[in-house]
Amino acid sequence: MRFTVDNRNRLIFYGNPVGYVKADTAVVDEMFRTDELNQYLSRMNLTPRWEDGIFDRLVSGEVTGEELAQSRKGCRIWQLKKDVDVAMRFIGYEDQVRKFGEPDAENYTLVFDGDLGTSDLERIYTICRDAPPPGYQGYRMALSDVVELYDDSGSEFYYCDRVGFQPIRFEQKQDPCINMTL
């Protein structure tokens, strides 16, 4: 593979550490600027920031752990189960609350869990609407879907509304067998 991001968030290009990923940005050494690398970064939804000397700093260990820290969150997409009331589908948040109450996690199923290269909700919508990523097992993102952004500190949930996203509470009921100890 020509391109990869290693477990330290370094961008590896033909085996060389040429930059690093931080949030939605790839900080890349100017000497590696090519159409091929630009296309890869675009497919990964990363905005390139070209800087001189990044390669030398990575090789010598001068790039700090803080610079390599990834602030991007994991992403889960939840969609209504097939057996829920059809009137709940594809409606805005206000209509959902007025007619059915707050979105209930019991009515949803997980259709994607992974890294989309961004934590920006509008970019996530565009990715899941225009060209869903590998492993995405639902219909293209639409009204009534729920986006979960998560990391070690917890999860945040957002209802896909008519315009933008509405933050919501969306608690999954835990399976009692999960906490069993022997």
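The values are calculated or read from the model by the stated rules, or taken from the named source; none is laboratory data. Remember, it's a predicted structure, so these values are computed and weren't measured experimentally. FYI the Cβ positions are ideal-geometry reconstructions off the backbone, even for glycines, and counts take in every protein chain you see. Quick note on the areas: whole protein, heavy atoms, side chains included, nothing else; ligands and nucleic acids left out. Shrake-Rupley method; radii C 1.70, N 1.55, O 1.52, S 1.80 Å.
Summary of computed values
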read-out: For the chain, accessible area per residue (1.4 Å probe, heavy atoms of protein chains only), Å²; value: 59
read-out: Partners for K73 among aspartates and glutamates (Cα-Cα distance below 12 Å; same-chain residues under 8 apart left out); value: D24, D113, D115, D120, E148, D151, D152, E156
read-out: Environment charge of R76, counting only residues whose C-beta is closer than 9 Å and scoring Lys/Arg +1, Asp/Glu -1; value: -2
read-out: With DNA, RNA and ligands ignored, accessible area of D29 (1.4 Å probe; Å², nearest 10); value: 10
read-out: Normalised alpha carbon radius of gyration of the range 20-119 [divisor 2.2 N^0.38 Å]; value: 1.63
read-out: Order by protection proxy (mean Cβ within 10 Å, highest first), peptides 90-98, 150-158; value: 90-98, 150-158
read-out: Along principal axes, Cα extents of the chain, largest first, whole Å; value: 59, 46, 26
read-out: Fraction of accessible area attributable to carbon and sulfur, the chain (%, probe 1.4 Å); value: 49
read-out: Whichever aspartates and glutamates have a C-alpha closer than 14 Å to that of K99, once near sequence neighbours (fewer than 8 apart) are set aside; value: D85
read-out: Helical contribution to [θ] at 222 nm, DSSP H n ≥ 4, -39,500 (n - 2.57), averaged over the chain, rounded to 500; value: -5500 deg cm²/dmol
read-out: Theoretical gain in end-to-end length, D104 to S155 [0.36 nm per residue, Cα-Cα removed]; value: 16.8 nm
read-out: Heavy atoms of M88: accessible area, 1.4 Å probe, square angstrom to 10; value: 20
read-out: All aspartates and glutamates inside 14 Å of K82 as judged from Cα atoms, apart from same-chain residues fewer than 8 positions distant; value: E106, D145
